[in-house]
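Presented below is the structure to which this report refers.
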Amino acid sequence: MGFLSTILNTSPRNLLELSRNGGIHFSKKLVDCAHADASTVLLQLQTTEKGLEQKEVEDRLEKFGKNEVARERRISWFERLFDNIKNPLVILLAVLGVISYLTGDIPGSMVIAVMIILGIVLRYFQEMRADNAAAELKAMVSTTCTVIREGQQSEITLQDLVPGDIVKLSAGDMVPGDLRLLFAKDLFINQSTLTGESMPVEKYAAPVSMGQDNPLEMNNICFLGSNVESGTGIAVVIHTGKDTYFGSLAGSIVGQRVLTSFDKGINSFTWLMLGFMALMVPAVFLINGFSKGDWLEAFLFALAVAVGLTPEMLPMIVTVNLSKGAISMSRQKVIVKRLNSIQNFGAMDVLCTDKTGTITEGKIVLEKYTDVQGNPSDRVLQYAYINSYFETGLKNLMDVAILNHRNLLEELKLAERYFKIDEIPFDFTRKRMSVIVEDREGANLLICKGAVEEIMPICTHVEVKGEVLERLPEHDAHRAERVKRMNEEGFRVIALAYKYIAEGPDTPTYSVKDESDMVLLGFLAFLDPPKQTAPEALQELHHLNVDIKILTGDNDIVTRKICSQVGLPVESILLGPEVEKMTDAELTVAAEKITVFAKLSPAHKQRIIRVLQAEGHVVGFMGDGINDAPALRAADVGISVNSAVDIAKESSDIILLESNLLVLNDGVIEGRRVFGNITKYIRMAASSNFGNMFSVVGGSAFLPFLPMLPLQVLTNNLLYDFSQTAIPTDNVDEEWLSRPRKWTIGALRRFIIFIGPISSIFDYATYFIMLYVFNCWNNPALFHTGWFVESLFTQTLIIHVIRTNRIPFVQSRASRSLMLASLAIVAVGAYLTVSPLAPMLGFVSLPLLYWPFLVGMLLLYVVLTQIVKTWFYRKYVD
């Protein structure tokens with residue numbers, strides 16, 4: 001998620017601590033604007049209520065720069081190069097290369113230099129390619145804000161906002177900068193990211209008293225990084241980008257980032273290899289020093305062994321795999337905002353999803369509008385139309401359905417008959433919204449629509465066939481039964497109520513308390529059918545061993561119906577009020593067993609995800625609404641759609657450009673394929689290098705000369721690294737893709753210990769053949785050449801055994817690129833022994849009898865490794 005994820009993954013307490021202790025402070029301009037009245041603020045910022053002119057916008061954009069926080073800035077070519085150079089593995093190789101040069105091993109230092117340059121250059125260009133691709137993909141998913149410029153309202157991207165711009169705010173919007181409110185109507189801002197306050201804060205436009213000095217507590221200032229929960233507002237931009245409070249926090253924690261399971265796995269592997277090096281390298285140095293007496297030669301050889309154990313291609317292999325995965329997913333109309341989320345996508349074993357707009361079409365249609373007795377009623381439609389037409393907040397899908405059902409603008413003569421007085425916006429606590437209009441007689445009409453369970457308690461009367469009657473409990477039971485039947489048929493039902501206020505207030509300002517003593521007029525029923533791809537997609541995810549859980553704010557009856565339509569079994573449903581009463585331990589037990597949760601608040605969704613993660617699950621969450629943002633942030637991988645509200649898109653790691661749910665399955669498979677190829681390299685490099693070094697330790701103990709010259713060790717390692725650059729193109733077996741995969745360093749360590757020494761058996765067999773068949777006791781050059789070729793051939797061949805759990809070449813074949821790379825490397829290795837470079841490398845020609853021995857050992861090596869590998873996976877891997 002770029003810069004936003006950095007902030008969102010840092011706790012509010014830490015953010016506030018940073019602001020106190022990290023040199024972060026609020027600008028004087030922000031405080032001055034909070035204390036001043038609106039006209040003074042506009043004058044100070046050299047703007048007007050009509051907004052800036054285009055020429056002024058361009059000048060300010062040049063002066064203040066793009067509205068971006070530092071973490072989003074594209075790094076320069078020099079910074080990228082420096083980042084690659086300062087990689088710990090590169091530094092380690094560089095130190096070894098310098099030591100080799102200073103001790104006179106010029107050829108060895110040259111080979112190390114080639115390895116360093118190869119790793120840096122490959123990674124540099126692959127990262128540049130990945131960043132360019134990511135930038136192009138991100139451009140397809142833009143976050144916008146509504147501005148007023150030259151008196152005209154328009155949508156612009158957040159990056160193009162400048163100080164002095166006039167912006168409009170409504171529910172679902174991200175606050176695009178640090179703002180001073182000029183107008184606010186029931187405006188509630190969620191600024192928990194910055195302050196840790198769990199409840200939204202109401203904001204007003206009036207100046208604050210001079211005694212208030214903390215802008216976070218000033219109720220006329222809105223901050224970048226917060227979002228609009230409900231209500232509307234108009235504000236002027238004071239600061240953008242790095243000048244905002246959010247931007248200063250981002251700058252103060254550059255480099256701080258919560259590690260994902262992917263990062264932790266890479267780090268654990270690196271430390272594992274360093275541990276092996278700490279044991280093997282000193283052992284090789286001491287054994288050769290004491291047994292041969294040449295401590296300088298022993299030291300150079302130990303350096304070569306250290307290089308051989310270094311997984312120097314790991315950064316490049318990881319970057320290539322992740323960028324290849326992101327580009328592949330983009331072809332499926334899936335945008336990856338953060339590369340590491342690909343692995344989390346593949347490791348995901350629980351997918352929690354909202355219902356509306358995710359497994360349903362999200363394009364509901366108005367099917368029924370009835371009075372309280374269940375009869376069709378045009379009056380209900382008309383009042384609902386007035387309510388939705390005059391609503392200025394976030395128009396939800398039901399508003400759109402009402403307005404699209406029939407155009408009543410002319411029929412009702414809205415412009416002539418009604419004048420909007422006020423509105424009481426929707427919020428997730430009340431689950432209703434009201435519009436107040438004035439009719440020709442001057443009476444105020446309050447029309448309220450919302451959740452049935454929220455509308456009924458505020459109604460004291462009902463209208464039946466044009467007559468207003470007192471609401472009776474026995475009749476309520478019939479109405480509740482009618483609503484329940486519609487819910488069971490898959491309809492989403494809301495209630496509509498009204499009341500006339502004969503003498504409206506002199507200054508019409510209405511609030512929630514006015515939603516009382518209402519007259520229940522009727523009900524509206526909407527149909528939100530499941531997406532056509534939902535049943536197949538959910539079934540495919542089940543086959544991929546991903547558990548599906550529905551986390552919705554909708555009622556349980558509608559949710560049960562939709563789940564049955566998409567083939568999701570529902571044994572029981574846990575409701576939000578029940579979640580509220582549970583301890584974390586009780587909720588953990590329930591979350592493991594229950595598939596469907598309904599009537600949830602945003603906090604409930606987030607809490608369910610947290611308890612699942614605490615049990616070791618990798619949790620994905622898919623949502624598109626304001627109320628989904630906390631869950632999207634909490635999940636290991638947040639998934640949203642391009643039609644989602646801004647805060648949902650900004651909180652997500654992955655965005656679907658199309659509503660086809662089948663791309664979720666493609667994404668999971670791609671994530672597992674990427675992780676599979678990364679772990680292939682790790683298993684191959686680690687086990688092979690460990691086996692070779694194990695052979696070196698043993699050979700050093702009894703051979704009268706070094707088992708292989710330092711330059712030969714380095715050349716062998718360089719060629720082997722080249723052979724693995726094609727791994728990102730490799731195929732992955734279906735059984736690997738069939739279930740989630742996570743980092744298991746313990747299993748990797750056992751794999752290295754069991755599989756690595758197998759190569760040593762054949763290395764020692766080669767020692768025996770070279771010493772006793774070809775009498776190399778006094779011919780170290782022939783010995784070195786024979787072991788070099790055998791070592792390179794076995795290492796390269798074993799790639800094809802380790803890359804699959806199946807029988808290699810028969811049940812599973814590598815990609816064409818990997819096959820060609822393997823053949824090319826063994827051919828180059830064989831050629832080097834007879835090439836013009838042979839004398840410099842210390843090689844001599846091998847006798848013809850050597851090659852039949854080599855073929856026999858290769859066959860035995862493949863068979864033995866396959867047997868041990870099969871036993872290992874049966875014993876230690878599910």
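The values are calculated or read from the model by the stated rules, or taken from the named source; none is laboratory data. Just so we're clear, the structure is a prediction, and the values are computed from it rather than from any experiment. Because the Cβ atoms are built from the backbone with ideal geometry, glycine has one as well, and the counts that use them run over all protein chains shown. Side chains included, ligands, DNA and RNA excluded: accessible areas come from the protein's heavy atoms. Shrake-Rupley method; radii C 1.70, N 1.55, O 1.52, S 1.80 Å.
Summing Cβ point charges (Lys, Arg +1; Asp, Glu -1) relative to the Cα centre of the chain gives a dipole of roughly 3080 debye.
Simple rule: put +1 on each Lys or Arg Cβ and -1 on each Asp or Glu Cβ in segment 361-504, find the dipole, and look at VAL365, LEU446, LEU408; the Cα lying farthest toward the positive end is VAL365.
Taking 20 °C and 1.002 mPa s as conditions, segment 502-643 diffuses translationally at an estimated 123 µm²/s according to Stokes-Einstein applied to its Kirkwood radius (Cα pairs).
How would segment 592-669 be classified by its alpha-carbon gyration tensor: rounded, prolate or oblate, with rounded meaning a/c under 1.5 and the a/b versus b/c comparison settling the rest? Note, shape of segment 592-669 comes out oblate.
Electrostatic tally near GLU571: other residues with Cβ closer than 11 Å to its Cβ, Lys and Arg +1, Asp and Glu -1, net +2. Placing unit charges on the Cβ atoms of the charged side chains and taking the dipole of the chain about its Cα centre, the candidate lying farthest along the positive direction among LEU661, THR509, THR157 is LEU661.
Here the chain is treated as an ellipsoid with the same Cα gyration tensor; its semi-axes, largest first and in whole Å, are 66, 32, 20. Note on LYS484 and ALA443: the extension gain reaches 11.2 nm, defined as 0.36 nm multiplied by sequence separation minus the Cα-Cα distance. This model, with +1 at the C-beta of Lys and Arg and -1 at the C-beta of Asp and Glu, gives segment 371-453 a dipole about its Cα centre of some 180 debye.
Scanning the chain for chymotrypsin sites (Phe, Trp or Tyr not before Pro) in DSSP loops with at most 15 neighbouring Cβ atoms within 10 Å leaves 205-808 as the longest stretch between them. Per residue, the chain exposes an accessible area of 42 Å² to a 1.4 Å probe, with every protein chain left in place.
The portion of the accessible surface of segment 664-814 made up by carbon and sulfur, rounded to a whole percent, is 62 (1.4 Å probe; DNA, RNA and ligands excluded).
If only the Cβ of Lys and Arg carry +1 and only the Cβ of Asp and Glu carry -1, the dipole of segment 488-560 around its Cα centre is close to 100 debye. Across the chain, where is the longest run that never hits GluC sites (Glu not before Pro) in a DSSP loop with at most 10 other C-beta atoms within 10 Å? The answer is 1-440. Potential lengthening of the chain between GLU62 and TYR873 amounts to 285.9 nm, from the contour at 0.36 nm per residue minus the alpha-carbon distance.
The C-alpha atoms of the chain define a longest principal axis, and helix 88-102 lies at about 30 degrees to it. Using a simple spin-label model with pseudo-atoms 7 Å out from Cα toward Cβ, VAL98 and TYR831 lie 3.6 nm apart.
Carbon-plus-sulfur accessible fraction, segment 381-537 (probe radius 1.4 Å, protein heavy atoms only): 52%. Helix 54-64 and the longest principal axis of the Cα set of the chain meet at an angle near 40°. Are any of the pairs LYS50/LYS168; LYS363/LYS531; LYS449/LYS531; LYS55/LYS185; LYS63/LYS168; LYS549/LYS605 more than 20 Å apart by Cα-Cα distance, and if so, which? From LYS50/LYS168; LYS363/LYS531; LYS449/LYS531; LYS55/LYS185; LYS63/LYS168; LYS549/LYS605, over 20 Å: LYS449/LYS531; LYS55/LYS185; LYS63/LYS168. Take every pair of alpha-carbon atoms less than 8 Å apart whose residues are at least six positions apart; their mean separation over the length of segment 677-786 yields a relative contact order of 47 percent. Of the residues TRP777, VAL637, MET273, the one whose Cα sits farthest toward the positive end of the charge dipole of the chain, with +1 on the Cβ of Lys and Arg and -1 on the Cβ of Asp and Glu, is TRP777. Stokes-Einstein diffusion of segment 709-790 at 25 °C, 0.890 mPa s viscosity, Kirkwood radius from Cα pairs, rounded to a whole number: 153 µm²/s.
Put a dot 7 Å past the Cα of ASN779, heading toward its Cβ, do the same for GLN46, and the two dots end up 8.7 nm apart. To the nearest 10, the accessible area of SER759 is 10 Å² with a 1.4 Å probe. In the chain, Cα pairs under 8 Å separated by at least six residues give a relative contact order of 13 percent. The angle between the Cα long axis of helix 662-702 and the longest principal axis of the Cα atoms of the chain comes to about 30 degrees, rounded to the nearest 10.
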